[in-house]
There are 2 protein chains.
Amino acid sequence: MSLKLEDKKKLTSEWFQDLQNQMINSFESLDTKKFEKKSWERPGGGGGTMAVMKGDVFEKVGVNISVVHGKFTNEFKKKIPGTESSADFWAAGISVVAHMKNPKIAAAHFNTRFIATEKSWFGGGCDLTPAIPEDEETQSFHSGLEKTCNSSSYDYQKWKKECDEYFYLKHRKEPRGVGGIFFDYLNEDKFDNEFDFIKNLGLYFKNFVHDNVERKKDSPYSEEDMSKLMHKRSRYVEFNLLYDRGTLFGLKTDGNVDAILMSMPPRAEWN
Amino acid sequence: MSLKLEDKKKLTSEWFQDLQNQMINSFESLDTKKFEKKSWERPGGGGGTMAVMKGDVFEKVGVNISVVHGKFTNEFKKKIPGTESSADFWAAGISVVAHMKNPKIAAAHFNTRFIATEKSWFGGGCDLTPAIPEDEETQSFHSGLEKTCNSSSYDYQKWKKECDEYFYLKHRKEPRGVGGIFFDYLNEDKFDNEFDFIKNLGLYFKNFVHDNVERKKDSPYSEEDMSKLMHKRSRYVEFNLLYDRGTLFGLKTDGNVDAILMSMPPRAEWN
């Protein structure tokens, strides 16, 4: 069965929408507040929906989806596959960042996307940034990712290494968090297998965050723990504004600032 | 009277040291806390002294001086005058950032530097970032800068414009603050006049901050005012990590991270 590109676009953008709804329901079930949704249009074509909850458990969690299209500028064309004879692109994706109120629970980040030029591919990843790393949290996150990769025959160790290399603050010579997986240009001419993996990864992340938050949301913490959280968040800010490709790409290409900087923590301290 | 380069290096580095002491005394006189000093060495040559006070009036104020020397990398050589036949550089400077506890008082930034390659020049500037702009503060700051420029026959309007252009958050289409002056490559073969101006600007900034803080430090403020301060500080962080040349240059060239990021506000909120 060979799907046309238009079918792939429809399937992936519907999935990102479905996953946004599932995540909203899952995270709201743990909190006393609700998500607020806000749609935006991209001047060049397409748009998205930001969903943000500022809650009592999730201090700030954003679940953004977007489906956009247009033409790459010459500067970016060079860096993107499949743009030799046309600068046209189409992209759909979901991006999630959760900053927790309790400093004992790791901040969690996830995104997956499907991009089409004259080629098409998936990219994405997810990772944890704990202020106070806990073995159970870190190990269960990694082992779940390993299983998710293995069940679709993808190389977990390779993507784990890429994640560690990516989420690294060079100027401080320190990792942002405890990693996860990171992959790009996933296209092995097995769309069904790839898309299954993308879906499984989204569901895995949603369930991991749900169960991890449920387990730890009432953990007692001290002022010192909170101070560690505020410190770690300053590193999160530094990483995103100095290194994160998506953030810098978005800001340079007149992307939706609120949607791009949804990733910023609600509060941070340089202490 | 024609000074040798070595004399200029001695005079300027002594001045930056003197000004650091004057500022420390001036700012401590308004607060209940004291500055803590920390010296650092630059692996490539030279070093500096950071002085930071986390006070009750100045929530965080840093007054850093440095005298460094070494060789520019090829990447940076191209952008710097006087490096055609040698990559050697020498640089001394002072950098001040003051984040106030009271949201009614503008954050204040100042720096001046003397740089020598096969050419030599001064650069620097100062500007204010109020969360809640106040006419008296803004106007007295600008009019004092105008007088300081005029008394050394420099073009205040030109440097004011350069400051406004520099301290601008392109992605948000908003200025960082209310501006000030910004200048670089100041070398008109009148070292005495230039150096007099550099000294006058430093003294002007020190006195302005002292008098402005003294006038406003007991101003009443509301929770909403504090929320505006936390919001404005997030823009300060965004500017410094996304656009500030000194910050990005320093971080890319393995500069002293603590000294470079001394400019970060103690707390910020993306609200």
In a shell of Cβ-Cβ distance under 9 Å around A:Ala87, excluding A:Ala87 itself, what net charge do Lys and Arg (+1) and Asp and Glu (-1) give? +1
Cα-only Debye scattering, the stretch B:115-258: base-10 log of I(q)/I(0) at q = 0.11, 0.14, 0.19, 0.20 Å⁻¹: -0.50, -0.80, -1.31, -1.37
Rolling a 1.4 angstrom probe over the protein chains, ignoring ligands and nucleic acids, what is the accessible area of B:Ser227 in square angstrom, nearest 10? 50
May I ask you to list the lysines whose Cα is less than 21 Å away from that of B:Lys33, ignoring any residue fewer than eight positions away on the same chain? B:Lys54, B:Lys60, B:Lys101, B:Lys104, B:Lys206, B:Lys216, B:Lys217
Dipole check, chain B, charges on Cβ (K,R +1; D,E -1), about Cα centroid: among B:Gly55, B:Trp15, B:Tyr236 the Cα furthest to the positive pole belongs to B:Tyr236
Could you give me the ³J(HN,Hα) list for the stretch A:25-42, computed from phi with Karplus coefficients 6.51, -1.76, 1.60 and θ = phi - 60°, whole Hz, x at Gly and Pro? 4, 5, 6, 5, 5, 9, 10, 9, 9, 10, 6, 10, 9, 8, 8, 9, 10, 8
Which value, in Å² and to the nearest 10, is the accessible area of B:Phe239 when all protein chains are kept and the probe is 1.4 Å? 0
Interchain or sequence-distant (5+) residues whose placed amide H lies within less than 5 Å of the amide H of B:Ile181 are B:Cys126
The answer for the net charge of residues other than B:Lys77 whose Cβ lies under 12 angstrom from its Cβ, with Lys and Arg +1 and Asp and Glu -1, is -1
Roughly how many Å² of B:Thr253 are accessible to a 1.4 Å probe, to the nearest 10? 50
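Please state the equivalent ellipsoid semi-axes for the stretch A:1-109: what are the square roots of 5 times the Cα gyration tensor eigenvalues, largest first, in whole Å?
32, 16, 13
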Given H placed 1.01 Å from N in the peptide plane, which residues other than close sequence neighbours of A:Asp56 have an amide H under 5 Å from its amide H? A:Thr32, A:Lys33
Whole-Hz Karplus couplings 3J(HN,Hα) for the stretch A:139-150, θ = phi - 60° and coefficients 6.51, -1.76, 1.60, Gly and Pro as x, run 5, 5, 4, 5, 6, x, 5, 4, 4, 4, 5, 4
List B:Tyr236, B:Tyr166, B:Tyr243, ordered by accessible area with a 1.4 Å probe, largest first: B:Tyr243, B:Tyr166, B:Tyr236
The answer for the protein assembly as shown, accessible area per residue at 1.4 Å probe in Å², is 45
Straight-line reach from B:Lys199: which aspartates and glutamates fall under 20 Å, measuring Cα to Cα and dropping same-chain residues less than 8 apart? B:Glu6, B:Asp7, B:Glu14, B:Asp18, B:Asp127, B:Glu146, B:Asp155, B:Asp184, B:Glu188, B:Asp189, B:Asp211
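May I ask you to give the percent of accessible area on the stretch A:104-170 that is carbon plus sulfur, with a probe radius of 1.4 Å? Present the calculation step by step, with values, prior to reporting the outcome.
Details: 1320 of 2760 Å².
About 48 percent, which is the carbon plus sulfur part of the accessible surface.
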Per-residue ³J(HN,Hα) for the stretch A:252-264, Karplus 6.51 cos²θ - 1.76 cosθ + 1.60, θ = phi - 60°, Hz, x for Gly and Pro: 6, 9, 6, x, 6, 4, 4, 5, 5, 8, 3, 5, 4
Hey, if you drop one equal point scatterer on each alpha-carbon of the protein assembly as shown and run the Debye formula without solvent, what base-10 log of I(q)/I(0) do you get at q = 0.13 Å⁻¹? -1.29
Taking Cα atoms only, helix A:191-216 is inclined relative to the longest principal axis of chain A by an angle, in degrees rounded to 10, of 10
Report the net charge of residues surrounding A:Lys160, where surrounding means a beta-carbon distance below 14 angstrom and charges are Lys +1, Arg +1, Asp -1, Glu -1. -3
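Just round it to a whole percent: the fraction of Cα-Cα distances in chain A exceeding 29 Å.
On the way: 10745 of 36585 pairs.
So the portion of pairs separated by more than 29 Å is 29 percent.
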Ignoring everything except DSSP H segments at least 4 long, calculate the 222 nm mean residue ellipticity for chain B; use -39,500 (n - 2.57) per segment, divide by total residues, nearest 500. -13500 deg cm²/dmol
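The values are calculated or read from the model by the stated rules, or taken from the named source; none is laboratory data. It should be emphasised that the depicted structure is a prediction, and the values quoted were computed from it without experimental measurement. Here the Cβ is made from the backbone with ideal geometry for all residues, glycine too, and neighbour counts use every protein chain on show. We work out accessible area using only protein heavy atoms, side chains counted, and drop any ligands, DNA or RNA first. Shrake-Rupley method; radii C 1.70, N 1.55, O 1.52, S 1.80 Å.
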